[in-house]
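To keep things clear, I will list the structure first and then write my remarks on it.
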Amino acid sequence: MNDILAPIQDAFEGQIDFHGQQLTDILSTMLLIVSGVVSFFVGYISEDIYLSLWTGLTGTILTGLVVIPAWPFYNKHPEKWLVPAAGGPGITVDGVKVA
């Protein structure tokens, strides 16, 4: 059962690395700027504020679809974390070893 649920769980966990976070920041900024400029010119040329608003809303939704899900290309450079030492110094609280 775990073999079936593991890929689904990985898709919903939303793991992205630091490079992926930087990429989402750049993508969201650029896509929102482009959609705002396109929305302005569409509204200006057509002289229709509603068309301008719908164009901006479409660009915002498109940006959300690109940025919000944790797509696999956002986790291409995962961090290599250190393995905890088994016989480390540990933490002692009131004479009792906690960790």
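The values are calculated or read from the model by the stated rules, or taken from the named source; none is laboratory data. On a predicted model such as this, the values are computed, not experimentally measured, just so you know. When we count neighbours, we look across all protein chains shown, and the Cβ atoms used for this are built from the backbone with ideal geometry, even at glycine. Ligands, DNA and RNA are stripped out before the accessible areas are found, and what is left, the full protein with its side chains, is counted by its heavy atoms. Shrake-Rupley method; radii C 1.70, N 1.55, O 1.52, S 1.80 Å.
Modelled label positions at residue 68 and residue 50, each set 7 Å beyond Cα in the direction of Cβ, lie 2.6 nm from each other. About its Cα centre, the dipole of the chain is roughly 240 debye, where the only charges are +1 on Lys and Arg Cβ and -1 on Asp and Glu Cβ.
Here the chain exposes an accessible surface that is 69 percent carbon and sulfur, computed with a 1.4 Å probe and the other protein chains kept in place. Rounded to the nearest angstrom and listed largest first, the equivalent-ellipsoid semi-axes of the chain from its Cα gyration tensor are 47, 17, 12. Where does helix 18-46 land angle-wise versus the long Cα axis of the chain, in degrees 0 to 90, nearest 10? Relative to the chain, helix 18-46 is tipped by roughly 10 degrees. Choose one of 58, 26, 45: the residue whose Cα lies farthest towards the positive end of the charge dipole of the chain (beta-carbon charges +1 Lys, Arg; -1 Asp, Glu; about the Cα centre). Highest projection toward the positive end goes to 26. Rolling a 1.4 Å probe over the heavy atoms of the protein chains gives the chain an accessible area of 84 Å² per residue.
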